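Okay, so here's the structure we're looking at.
The values are calculated or read from the model by the stated rules, or taken from the named source; none is laboratory data. Since the structure is predicted, the reported quantities are computational estimates derived from the model, not experimental observations. Methodologically, a virtual Cβ is constructed for each residue, glycine included, from the backbone with ideal geometry; neighbour enumeration extends over all protein chains shown. All accessible areas refer to the heavy atoms of the entire protein, side chains included, with ligands and DNA or RNA removed. Shrake-Rupley method; radii C 1.70, N 1.55, O 1.52, S 1.80 Å.
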Amino acid sequence: MAPVKNGRHLFNEIPTGYPAPGKTTIYDDSETIDLENVPLNSGFLIKTLVLSVDPYMRGRMRDPSIKSYAVRLCSTVSLIGYSVGKVLRSENSTFKPGDHVYGLLPFQEYVVAQDPKGYKLLENKEGLPWSVYVGVCGMPGQTAYYAWKEWSNAKKGEVAFVTAASGPVGSTVVQLAKGDGCKVIASAGSDEKVAFVSSIGADVAFNYKSVPTRKVLEKEGPINIYWDNVGGETLAAAIDAADVYARFIECGMISQYNTQDPYPLKNLTSIVSKQLQFYGFIVSSLHGKYGTQFYQELPRRVAAGEIKYQEDITHGLEKVGEAILDVMTGKNKGKKVILVADD
């Protein structure tokens, strides 16, 4: 077989504000790969099927002087993210040709991987679409499941406020909170997204762009659990609306990722006076505790229709830049997935 194109999506330059398609990241199809003869060196050759675009990726696009938990991207290197791929060839006993694997992969069509510890074999006994394994049954679902289990301490009748509630993390949290008997207040950025959030069980769902968050919380609170995906002004409103001993699960702050002028929180003394409990976390830190339980439970519940989800699928590596911008600006409708190839 002749070499085939191995398209890649590269990080090109550090953005100021929102990432710009074709500038911050660029598509390159100059490389080729000989699928039958490329050396594996005891590794395995993966064909990329689906790629995940997530808010945390913005943090990788930073100046070297800025420290973070996520590895910084270097120019002219492929983007990296959670992916599902199919093993085509293998010199490693862990995986065989035809296996499907999940893990962090470069944003390119074919990858020779060396360390099997970085990938999970997906059995997919439920026959779910592979895209689900980068969404509700992948890192976003893990984020919701792990942290809710660890820190919500939810009691029946308590009030939970979930932001970015139509996204893959927020929508899963809404359903977990309802399952624990909470009254759920949920915010989203469009009437269409609000309708989806209502359909999955939120008791009070509102468009934060047209309805003031503070007014909703004043009427429907006080809140006992706050799931924060946005930070900024909404976090300040949640602090003011919190009941004594409320738990704040700090998952993300997307409102602050692309700004040069962070929102100043002026009510932090309430953390003391209300005896609030704040939990900041990175999902990988809880994987050892909840990972096995997650894969035993979530795919089964998703397949049964007990946990619902939405996907926003973009076709082709060349459109990754636009997909990243959609996620940063909230234009995506559900989990943003890049479909690279069919199985």
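Things worth noting here:
- One quarter of the surface of the convex hull around the alpha-carbon atoms of region 34-87 equals 5.4 nm², the direction-averaged projected area.
- Stokes-Einstein D (µm²/s) once Rh is taken as the Kirkwood radius of region 95-180 over alpha-carbon pairs, at 37 °C in 0.692 mPa s: 218 µm²/s
- Distance between modelled label sites at SER270 and ASP34, nm, 7 Å Cα→Cβ extension: 6.5 nm
- The order of the peptides 52-65, 82-95 by mean Cβ neighbours within 10 Å, most packed first, is 82-95, 52-65.
- Only alpha carbons enter this Debye calculation for region 49-157, each as an equal point scatterer, and the log10 of I(q)/I(0) it gives at q = 0.12, 0.13, 0.18, 0.22 Å⁻¹ is -0.53, -0.61, -1.01, -1.26.
- Scattering profile of region 139-284 at q = 0.09, 0.13, 0.19 Å⁻¹ [log10 I(q)/I(0), Debye over alpha-carbon scatterers]: -0.23, -0.50, -1.14
- Alpha carbon convex hull of the chain, volume per residue in cubic angstrom: 135 Å³
- Whole-percent carbon and sulfur share, accessible surface of the chain, 1.4 Å: 51 percent
- Taking THR259, THR213, THR314 in turn, the Gaussian network model of the chain (Cα-Cα springs below 10 Å) assigns the largest fluctuation to THR259.
- Heavy-atom surface of region 139-284, accessible at 1.4 Å and reported per residue (Å²): 42 Å²
- Note on the chain: with charges restricted to the Cβ of Lys and Arg (+1) and Asp and Glu (-1), its dipole about the Cα centre is near 720 debye.
- Between the C-alpha center of region 211-284 and that of region 329-343 there is a gap of 28 Å.
- In this structure, GLU91 and GLU126 have a Cβ-Cβ separation that, at R0 = 35 Å, corresponds to a calculated FRET efficiency of about 0.70.
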